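Q: Quick one: this structure, given as structure tokens, is what I'll be asking you about.
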Amino acid sequence: MSLGDIKGEADLPEHPLVANKVIYLAKLFGGVKSLFCRGCGYGAIAQWIGNIFYEDKLDIHKYPIINGVGCYTMIPIIMPGKILMNLHGRGLAVATGIKMANPELKPIIIAGDGDLLSIGTNHFIHAARRNLDCVCLLLHNLTFGMTGGQVAPTAQLGQIASTARHGYMQEMIDAVELAKVAGATYITRCTTAQPIQFMKYFRKALKHKGFALIDVVSQCVTYFGRHNKMAEPVEVFNWIRKNTVSIKQAKSMSKEDLKKKFVTGEFLEIQKPTLMSEYLKLIEKSQEVK
């Protein structure tokens, strides 16, 4: 029995994103259904992005969404925008082509740590180095949830996984530090326990000229939680909150104390020439040559 059967359809409030047919499923079926596991944070992230598109009246044609492969792959069905599904790890390569073909567009790349820090690490580094004008959302939950809970590039030292039954023995990859070294110009990190910060960073990233990275730590109950003795969504959520520190707090902590912490905030915001601005200059220069 559905909620509609209990209360009656007329008593149910209409969601504004459904009423205005902003999101994909609403357009097709007039309603929304989440396909995420119970307690997954990715549905919340999709809702925040959808709210921003709706509240700020963003033109979905100006912000193409490039989606990779992972648990988050289901995000676009409950999000607004023009969606392009692409091969695992190749989202930034596709976004580069889109930007070069039409400089007026602002690609939004949704990717996991498998996309950006494993199979697609080279694309991540070079897109940041070129200062591609885009918004890059790195969504991760410390495990490869879609394929069985294997060790992921963001897995922490000692973490239990289906391929690390006695604890992971390597250091994780820090996407924020990698982005800094590579040349990104706007770098932030937040968690699913920080919706206000996420929406602030996302809005700033949309306006920023250059490579904008938003690293988002989410909860996976099905694999990370179950393997690491946190069987309920609220347990993983609270564990993330408990282990989150701000950049300011991190400055007074040792490297050892920070090993299993999530440092959140705005790490970098600078301006420098973008890939397209330099490319357009090159075109102009080539046309001057006789």
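Q: With N set to the number of residues, divide the alpha-carbon radius of gyration of segment 70-196 by 2.2 N^0.38 Å and report two decimals.
A: 1.09
Q: Taking Rh as the Kirkwood radius computed over C-alpha pairs, what is the Stokes-Einstein D of segment 42-142 at 37 °C in a medium of viscosity 0.692 mPa s, expressed in µm² per second?
A: Values: Rh = 13.5 Å.
Translational diffusion coefficient: 243 µm²/s.
Q: I want to verify a result. In a Gaussian network model of the chain, Cα cutoff 10 Å, which of these has the top mean-square fluctuation: Lys82, Lys204, Lys272?
A: Result for the chain, Cα springs under 10 Å: Lys272 fluctuates most.
Q: If you wrap a convex hull around the Cα atoms of segment 132-225, how much volume per residue is inside, in Å³?
A: It is 97 Å³ per residue.
Q: Sticking with this one: Where the only charges are on Cβ atoms (+1 Lys, Arg; -1 Asp, Glu), what is the dipole of the chain about its Cα centre, to the nearest 20 debye?
A: So the dipole magnitude of the chain works out to roughly 500 debye.
Q: Put +1 on the Cβ of each Lys and Arg and -1 on the Cβ of each Asp and Glu in the chain; which of Tyr54, Asn131, Asn141 then has its Cα farthest toward the positive end of the dipole?
A: Asn131
Q: Mind putting a number on the dipole of segment 136-290 about its Cα centre? Charges go on the C-beta only, +1 for Lys and Arg and -1 for Asp and Glu, and I need it in Debye to the nearest 20. Please report the intermediate quantities before stating the final value.
A: Working: 22 positive and 13 negative charges, 61 e Å.
In total the dipole reaches around 300 debye.
Q: Oh, and also: Which trypsin sites (Lys or Arg not before Pro) in segment 33-64 sit in a loop by DSSP (not H, G, I, E or B) and have at most 12 other Cβ atoms within 10 Å of their own Cβ?
A: Counting only loop positions with at most 12 other Cβ atoms within 10 Å, the trypsin sites (Lys or Arg not before Pro) in segment 33-64 are Lys33, Arg38, Lys57.
Q: Pick from Ala101, Ala175, Ala231 the residue whose mean-square fluctuation is largest in a GNM of the chain, springs joining Cα atoms under 10 Å.
A: Ala101
Q: Under the rule of at least 5 residues apart or a separate chain, name every residue whose amide H is placed under 5 Å from the amide H of Gln150.
A: HN-HN under 5 Å from Gln150: Phe144, Ser162.
Q: Would you please report the Å³ per residue occupied by the convex hull of the alpha carbon atoms in segment 229-286?
A: On the way: hull volume 9.6 nm³, N = 58.
About 165 Å³ per residue, rounded to a whole number.
Q: Also, quick follow-up: Given segment 56-98 reduced to its alpha-carbon atoms as identical point scatterers, what log10 I(q)/I(0) does the Debye formula return at q = 0.14, 0.18, 0.20, 0.23 Å⁻¹?
A: At q = 0.14, 0.18, 0.20, 0.23 Å⁻¹ the computed log10 ratios are -0.32, -0.52, -0.63, -0.80.
Q: Tell me the per residue accessible area of the chain using a 1.4 Å probe; a whole number in Å² is fine.
A: Per residue, the chain has 51 Å² of solvent-accessible surface.
Q: Taking segment 177-282 as the region of interest, what is the percent of Cα-Cα pairs per 10 angstrom bin, listed from the shortest bin to the one with the maximum distance?
A: Values per bin, smallest distances first: 14, 36, 31, 14, 5, 1.
Q: Which percent of the accessible area of segment 92-240 is formed by carbon and sulfur heavy atoms (probe 1.4 angstrom)?
A: C and S fraction of accessible area: 58 percent.
Q: Under 5 Å between amide hydrogens, which residues at least 5 positions from Phe211 or on another chain qualify, with H placed 1.01 Å from N in the peptide plane?
A: Amide H to amide H, under 5 Å and 5 or more residues apart or across chains, Phe211 pairs with Leu132, Cys134, Thr185, Tyr186.
Q: Next question. Karplus couplings for segment 248-259 from phi (6.51 cos²θ - 1.76 cosθ + 1.60, θ = phi - 60°), rounded to Hz, Gly and Pro as x?
A: Working through the residues one at a time gives 4, 5, 5, 4, 9, 10, 7, 4, 5, 5, 8, 4 Hz.
Q: Let me ask you something else. Report, in listed order, any pair from Lys207/Lys260; Lys82/Lys207; Lys62/Lys180; Lys204/Lys281 with a Cα-Cα distance greater than 21 Å.
A: Lys207/Lys260; Lys62/Lys180; Lys204/Lys281, as the Cα separations exceed 21 Å there.
Q: Then there's this: Work out, step by step, the length gained on full extension between Lys82 and Glu171: first 0.36 nm times the residue separation, then minus their alpha carbon distance; give nm to one decimal.
A: 28.4 nm
The values are calculated or read from the model by the stated rules, or taken from the named source; none is laboratory data. Given the structure is predicted, the values throughout are model-derived calculations rather than measurements. Reconstructed Cβ throughout: ideal geometry from the backbone, glycine too, with neighbour counts over all protein chains shown. Just so you know, the surface numbers come from the protein's heavy atoms only, side chains and all, with ligands and any DNA or RNA stripped out. Shrake-Rupley method; radii C 1.70, N 1.55, O 1.52, S 1.80 Å.
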